Amino acid sequence: MPEKNYSEINPAWEGRKPVIVGFLCNWCSYRAADLAGTSRFGYPATLRDIRIMCTGRLDPTFVIKALREGADGVLVMGCHPHQCHYDEGNYKAMRRMALLRRTLAQLGVHPDRVQLGWASAAQGALFTETVTAMTERIAELGPLEWRDTIEDIAPRTPSPEIEEVAHGK
Amino acid sequence: MTEEKVGVYVCHCGHNIAGTVDVEDVAEWAAGMPNVAISRDYKFMCSSLGQELVEEDVKEYGLTRIVVAACSPHMHEPTFRRACERAGLNPYLFEMANIREHASWVHTDDINAATEKAKAIVGGSIRRVMELEPLEPFIAEINEPTLVVGGGIAGINTALEIANAGHPVYMVEREPSIGGHMAQLDKTFPTLDCSACILTPKMFDVGNHPNITLMTYSEVEQVDGYVGNFTVRVRKKARKIITDLCTGCGDCWSRCPAKVVDDVYEAGLGYRTAIYRPFPQAVPKYPVIDVDTCIYYEKGTCKACQKFCPTDAIDFDQEDEIVVLNVGNIVLATGYKLFDARKVPQYGYGRLANVFTSMEFERMVNASGPTGGKVLLRDGVTEPQTVGIIHCVGSRDRSYNQYCSNTCCMAALKFAHLVKERTGAEIYNFYIDIRTPSKNYEEFYHRILEEGAHLIRGRAAEVTDAARLPGEEGKLIIQAEDTLIGKQRRIPVDMVVLMAAMEPYDDAVEVSHRFGIGCSEAGFFTEKHPKLDPVATMTDGVFIAGACAGPKDIPESVEQGAAAAARVLTLIGQGEIEIEPIRATIDEDRCSGCRICNNLCPYSAIEFVEDLGVSRVNPALCKGCGTCVAACPSQVIEGQHFTFDSIMAQIEGVLYDRMEDTERVTYLGSQPAEAK
Amino acid sequence: MSPANDHYAYYPGCSIRSTSKAYEQSTMKVVESLGMTFQEVEDWNCCGATEYFSINSLPAYSLVARNLSLAAEQGASDLVAPCSACFLNLHKTDKYMGKYKDLNEDVNQALAAGNLGYEPGSLQIRHLLDVIVEDIGFDTIAEKTEKPLWGLRVAPYYGCLIVRPDSKYNPEYPTHLDELLRVLGATVVDFPLKTHCCGGHMTQISDETAYELIRRLLHNADEYQADAIATICPMCQMNLDVFQPQVNRMFKTDFDIPILYFTQLMGLAFGISEKELGFGSEVVSANAALKKIADEAPEKAKKARRDKKALPMPESLP
Amino acid sequence: MASNGKPKLALYWASSCGGCEIAVLALHEKILEVADAFDIVFWPCAMDFKEEDIKAMDDGSIDVCLFNGAIRNDDNEHMAHLLRQKSKVMVAFGSCAMEGCMPGLANFTDREQMMNFIYHDSPTTDNPESIEPQVITEVAEGELRLPAFWNTVRTLDQVVPVEYYLPGCPPEAKWIEVAVGAILSGELPPPGSVIGADVTVCDECPRTKSEKKITRFYRPQEIIPDPDICLLEQGIFCAGIATRGGCGALCPQVNMGCRGCYGPNEGVIDGGARLIGAIGSVIEGRTAEDIDAVLDTLPDPAGYFYRFSLPHSLLRRVHLVNDNGRNVAQPIKEVPRLDPSLNE
């Protein structure tokens, strides 16, 4: 898939493209991604995936960490309900993701930036569609750039006369 | 950490990776990453030369961690782990970066994007590999005895194979006799040999085998432990019979005044007494008293059976008995139940007298069944002149079960033959598709066609007694679209047989939880791999065979029974098993005993140690899914090989180009607790 | 359960104000005695029946949507229609507007011309039978039943319109009207043709076709010795009632089965007078049937001694 | 060390409620020992010292500075730098200095929205002339100055390096004693340490804990809790599972769920994330709709999870979006729901 010019969708992308960190479970969705590869299904080069054994392993810290360190979105994919290799890990992921997305929304992270989905090992095409659709959505939403938010302590009225004191002892 | 030396190997995979990813650029870039001592690109890393390259570098440069950027870990992780092992490096200090399936093959038309992504993947792996720890596999010893749950044809076969190989087997069966559904059948397709004739000898063998301990009228209540070492609690329900005294003479049930419909063995088409032996060839031969229908338990008097028992074998006060077994392996062969055809009201079962289920019909054509093998209407007298057989009742139907029930086409064709043979009636089979994919099945289908059965390709819309046309009065009318001629047809018949689907038992989901295995939403047990590992489950040491894993006919169930036995025998032969060390561990000193994690484990591997007030993971039960690790609110559960730090480092690694200049996250309490 | 009084908007439809006044009369009586309040949609218009949709669908949908818009404006959460055809059209319009963006836009554009608009999904469109069965429940109905319909054999006739695929009841063989009539004390007969066609508008186009369809229904009810057929739709009632003499003439039969609205039967059981329930307006008189209602519950047919030869019959689903 | 041989102690109060100052007094008679043992060189709350006195000191001449309060404005930041320069050991004293605490809740909004509410929109405000505090105000007597308000609340260690942390809102007296004792004995833990327990509040909580399944949450006014059973099991939000112990589980013992003031447990990077992982693990529901129905009974999850720790969490504050040159806080108002397609 030729690289899109994302700044046409949202000018804020000027100079870069969306970055999505993926957490894929070892048994279903990671294999779906493998199948997308062996089937040569193209999808945008926005996803950088990390393999975990089960979506049940997904510590919410990982999602927050990825957003904090510059990801524009996080995609978590596991096995379909009733197909979890570990019985019910995907249900646990679903509950945690529901709570995480609610919390992150309050912190200004659009829920579409943190998505949960399922793909069985046979659903390479579904995996491809999911990544493509999420990329398009992130492209619309624009860059997240959490670094800018953190660095902005924004003294609206600077007070230059207060003398600067050096750090340290 | 500074003395760690990482070796990075970027594979060309011929043109597969190098055609889309600038592998030299990736290797050069990786060389600049912290701790990377060697970074190379190579044509085929998985070749013996590629593997040797790693081994030599480990020895020559003292590499302590290895990253191979090539294909999926599902492809070659074991290959390179072995290479590390040969080089004297712990295999768990190796990490595979998947830049083929996840990069070069999916971004074929954009070399820049693919290369950038490959760097991210490799960057994540380099950061991750630095956090990995050496691990050693666990060794579990295998107890010799095996538990087989379910005494149908699949379970019987498993038990006999293992017992014949000289190993002890416990067989637990819920009903008073083994035999399962096969014992109810008259003839078996496609050979039409007598079901009882081929089954009875096997049942006898199970009952008399020196290596088999048979527990009928019993159920498994609890399973603890892990592969090689399961502890199983079995409830032997009170038969109310002292089996040591009983000779199986039959004086008791012939005197019993309570007659009830037998919903199990006779599928509701016949009667049994309150004290009963399900069928003459039952194994074991002892009867059982059904306390729900026994007059003595209801009214306090009767005891006819006791009065007539020549050996004083009746004990009305007998109680359930709990037996605890220690076994190394478990085979589940718990079978299926028939779909309740009353759920399809338009077919009239339960409303229209002469609508029968397939299992009722099996009993009807069975020589030892309620009609002595005669095909009769519900009045028990009249022979039908026309019989309609409706396929796919409760299967291939989104309203009930979407799956194909596998065996019903052949059973329906067998019925067509039996009706013809016994009555000369006209037969109409209504089918969606005829599925006859096994040996000699298609031939059987043609034989039935030649015998003159009418096969109408069309799903029956309804069965009604509302006559409309001449000749319909007093008949059941099957309305269906004959899709081969494109016409609606109304076929008046005397008898309708519904080919009800095979379904999991109502408690199948509960049973799957009890044994710690997965099952589909419907309740069919899930195999480890549907193609390559069909009788194993995700739980080591627990195997499945027969229709409990999906609709199957007799040959398939027998095959699976034998296959499960072979898997068990392999483990018994090995005597011990290596278990991957990807496990969760709890730092008990720091566990606060909040018990959040306690009921999360699908394998019940977490136990709460009451007197210490901490939770503990049994490493032999743990499968390493990590769900408790993510749940622990005080972060004192660690998931080996997928540790918190390794994944956090990998996140930073994959965001290598986004993290520049970002202030590193500081966190409180960066010192280990002991230091204070 | 006692329903909230103010959340039902009521869409009467044209039949109920002309050919089937007994339906509305009895409905209102029953609704009142159940403590429910129906708020009529003000200035409602035709539901489009069936023809308009076949001729020009956009105006047809817009016509229906106007009713939805008015009902929603009244602040209702549920819109109740006693007529099955009205129910289907209202339900269909709401559903398709929700499903098809283009249709939704077009219809709303049309509505906007009259300063109206409708957000699909904002109303629950329900048939009267569904409201009574679901919201009131059998327990309350049993409590309300003062004069059970003991001894009256009734064939429950659902017609074809409320069992379309979206139905929450079994579309092949629904049983909720059966259960309701049973609670009222009636003897409900098996009625295999309970969802078959009543002939609909074929009576106006091809009486031969229509009469045959009607004959089948009457014949089937007669076979099961029904004293009356209970209907839930003005069209069904009219076809089976008004054309019964013609059917008798054409097929040389002598059917004499009154076709009654289920609300009339409910009213009777609740102790409301026949007059208030609109009895007497039917073509085939209900008098003979009503006389069959006994003061005592019919004796449960003694379990016939088991015929030694007969095979046991499976019990029906609970 | 002062000429009298006593170590020099400074106590300072940045953006905080003053509770930490009171907590020092909660040492009761031991306060006399502190006064004996230390030479208190700066304590604006209790003694008359001026900033100029500090400026006059040599760099590093203060042995220990107990700094409480978050960094909210330029004056807070200035004093943090100044005291850091003059002190050998800097202690983030109390939850505000350590992780932001209540002042840190301002990070759910931004400076402008907060000012608007406080000075204009709040129902109790009577401000007909629409006066807002200004950094510089010219009056006849000259120029008046107020500290400049930052958009974001930060913790002490986000402004200057910090040696030790003393958690709590406010810190419990016994941990202040531990800290003081360590300073006096010279047996200091390694820099970066938190003076507190390394297990969670659950460890200290006397309630009976069993396996948890939450079918709905209750707010305190909706339920009378069983006094002996774990509050979380009763559906009452309790942060004790993920909160560093040391307080003695005071709140749960009076039927109130732990608020989380001691911050996340040892080694935890983001306490809110741990709570999401844990609470999300024990709620019921196997379908999108059922899960959402349970969560609907827990309004304001971010408020529960980051009540004390938002400025020190990974994300630190609500996302800021550039709006015509101004950085505006933009939380998402709509509650995200799970897609029903996840049920299949």
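Each value in this text was obtained by applying a stated rule to the coordinates, not by laboratory testing. The structure displayed is predicted, hence computed values, not measured ones. FYI the Cβ positions are ideal-geometry reconstructions off the backbone, even for glycines, and counts take in every protein chain you see.
Summary of computed values
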quantity: Taking chain B and dividing mean pair separation by its residue count, relative contact order in percent (alpha carbons under 8 Å, at least six apart); calculated: 13
quantity: Summed side-chain charge close to B:LEU135 - residues other than B:LEU135 whose Cβ falls under 10 Å, Lys, Arg +1, Asp, Glu -1; calculated: -2
quantity: In nm, spacing of pseudo-spin labels at B:ALA37 and C:GLU32 (7 Å Cα→C-beta vector); calculated: 9.7
quantity: Among C:LYS308, C:LYS275, C:LYS99, residue whose mean-square fluctuation peaks in a GNM of chain C (springs only between Cα atoms under 10 Å); calculated: C:LYS308
quantity: Kirkwood Rh and Cα Rg combined as Rg over Rh, evaluated for the protein assembly as shown; calculated: 1.03
quantity: Inverse mean reciprocal Cα-Cα distance (Kirkwood Rh) of chain C, Å; calculated: 20.7
quantity: CD proxy at 222 nm, helix term only [per DSSP H run n ≥ 4: -39500 (n - 2.57); per residue of the protein assembly as shown; nearest 500]; calculated: -9000 deg cm²/dmol
quantity: Built amide H within the under 5 Å cut-off of D:ASN265, gap 5+; calculated: D:ARG244
quantity: Sparsely packed trypsin sites (Lys or Arg not before Pro) within segment B:404-460, loop by DSSP, other Cβ within 10 Å at most 14; calculated: B:LYS439
quantity: In degrees, nearest ten, helix D:271-282 long axis to first principal axis of chain D (Cα); calculated: 20
quantity: Mean Kyte hydropathy of 0.0 or more with a Cα span along the axis of at least 24 Å, helices from DSSP in chain B; calculated: B:111-131, B:554-574
quantity: Inter-part distance where segment B:277-306 and segment B:574-612 are each reduced to a Cα centre, Å; calculated: 46
quantity: Cα-based Rg of segment B:251-319 normalised by 2.2 N^0.38 Å, two decimals; calculated: 1.07
quantity: Efficiency of FRET from Cβ geometry, D:ASP121 and D:LEU188, R₀ 45 Å, rounded to 0.05; calculated: 0.40
quantity: Whichever aspartates and glutamates have a C-alpha closer than 19 Å to that of C:LYS92, once near sequence neighbours (fewer than 8 apart) are set aside; calculated: C:GLU51, C:ASP78, C:ASP102, C:GLU105, C:ASP106, C:GLU119, C:ASP130, C:ASP166
quantity: Sites matching trypsin sites (Lys or Arg not before Pro) across segment B:303-402 that sit in DSSP coil, with at most 16 neighbouring C-beta atoms within 10 Å; calculated: B:LYS303, B:LYS374, B:ARG398
quantity: Largest-first principal axis extents of the Cα set of segment D:173-247 (Å); calculated: 51, 19, 19
quantity: Beta bridges by DSSP in segment D:4-78, antiparallel share as percent, to the nearest 5; calculated: 10
quantity: Those lysines that a straight Cα-Cα span of less than 26 Å connects to C:LYS308, excepting residues fewer than 8 apart in one chain; calculated: B:LYS259, B:LYS299, B:LYS303, B:LYS374, B:LYS475, C:LYS300
quantity: Rg(Cα)/(2.2 N^0.38 Å) for segment C:10-127, N = residue count; calculated: 1.04
quantity: Ascending count of other beta-carbon atoms within 10 Å, so fewest first, for D:HIS28, B:HIS513, A:HIS110; calculated: D:HIS28, B:HIS513, A:HIS110
quantity: Hits among lysines - C-alpha to C-alpha of D:LYS6 under 27 Å, sequence gap 8 or more where chains match; calculated: A:LYS169, B:LYS676, D:LYS30, D:LYS50, D:LYS55, D:LYS86, D:LYS88, D:LYS174
quantity: Pairwise FRET efficiency - D:ARG326 versus B:HIS15, Cβ, R0 = 35 Å, nearest 0.05; calculated: 0.10
quantity: Largest-first principal axis extents, alpha carbons of segment B:512-624, Å; calculated: 55, 35, 22
quantity: Whole-Hz ³J(HN,Hα) from phi, Karplus 6.51 cos²θ - 1.76 cosθ + 1.60, for segment D:211-221, glycine and proline x; calculated: 5, 10, 9, 9, 9, 6, 9, 10, 8, x, 6
quantity: Nearest 10 degrees, 0 to 90: helix A:29-38 Cα axis against chain A principal axis; calculated: 80
quantity: Inter-probe distance in nm under a simple model that places probes 7 Å from Cα toward Cβ, at D:VAL335 and B:CYS194; calculated: 6.9
quantity: Antiparallel bridges, percent of DSSP beta bridges restricted to the protein assembly as shown (to nearest 5); calculated: 40
quantity: Label-point separation in nm, A:ASN5 to D:ILE223, each point 7 Å along Cα→Cβ; calculated: 5.7
quantity: Rounded Å value of the spacing that divides the Cα centres of segment C:30-105 and segment A:1-59; calculated: 46
quantity: Largest to smallest principal axis extent of the C-alpha atoms in segment B:6-137, angstrom; calculated: 42, 28, 26
